[in-house]
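Asks: Provided herewith is a single structure, encoded as structure tokens, for subsequent inquiry.
Derivation of every value follows stated rules applied to the coordinates shown; laboratory data play no part. Note that this is a predicted model, so its numbers are computed, not measured. Virtual Cβ from ideal backbone geometry, glycine too; neighbours counted across all protein chains shown.
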Amino acid sequence: MGKLLRAQVQVMDEQLTLAAKTLARWCYARGVDERLLGCGEQLRRLAVDQALGRPAPAHLEQALWQQTATLLRQRRDWDRDHQVSPPAPAACLPCAVAADQCPTHADRRCRACSGQLHRIVVDEGFDTHPCCDRPGGICQGE
């Protein structure tokens with residue numbers, strides 16, 4: 001019985017490690033770092049759902065996020081040591097996870113195409129994508 005239990009624990013550890021690596025890649029690509037740990041539970045669950053395609057088991061959630069945060073810190077250190085530029089940091093964590101649900105930016109839409117405007121475009125005072133301003137331009141949601 002002891003061998004079976006150890007085998008089951010080993011499989012769970014491997015699944016947790018794989019899920020943490022997948023979640024860390026997803027976060028890294030969106031400029032999200034371990035700050036996500038300080039966000040609300042709903043936002044973290046949404047991130048897991050998007051990254052893994054399914055919710056994390058409730059009893060593994062905390063361990064998943066701890067391992068993911070460790071991997072993100074290790075990647076940040078590796079980038080620094082190897083002089084690699086990481087993706088631009090997410091200015092707004094809710095936008096990085098679920099832009100349509102961000103309480104601050106969700107209503108910022110392009111006047112021409114109704115696509116979501118990037119924070120930089122709005123901060124510069126524009127109400128359209130740059131491509132929507134060009135004559136005959138095809139919007140690419142820039």
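Asks: Taking R0 as 41 Å, what FRET efficiency do you get between ALA98 and ARG6 from their Cβ-Cβ distance, rounded to the nearest 0.05? Show your work: numbers first, answer last.
Replies: On the way: r = 39 Å, r/R0 = 0.95.
Plugging the Cβ-Cβ distance into 1/(1 + (r/R0)^6) gives 0.55.
Asks: List the residues, sorted by chain then number, that are 5 or more residues from ALA112 or on another chain and whose placed amide H is less than 5 Å from its amide H.
Replies: The answer is HIS129.
Asks: Expressed in nm to one decimal, what extension gain is obtained for the pair ARG80 and ASP13 from 0.36 nm per residue of sequence separation less their Cα-Cα distance?
Replies: Working: separation 67, 0.36 × 67 = 24.12 nm, distance 2.88 nm.
My answer for the length gained is 21.2 nm.
Asks: Now, a different point. Need one number: nm distance between label points at LEU60 and ARG45, each 7 Å from Cα along Cα→Cβ, rounded to one decimal.
Replies: 1.7
Asks: Tell me the Rg and the Dmax, in Å, that the Cα atoms of segment 2-90 produce.
Replies: 14.3, 48
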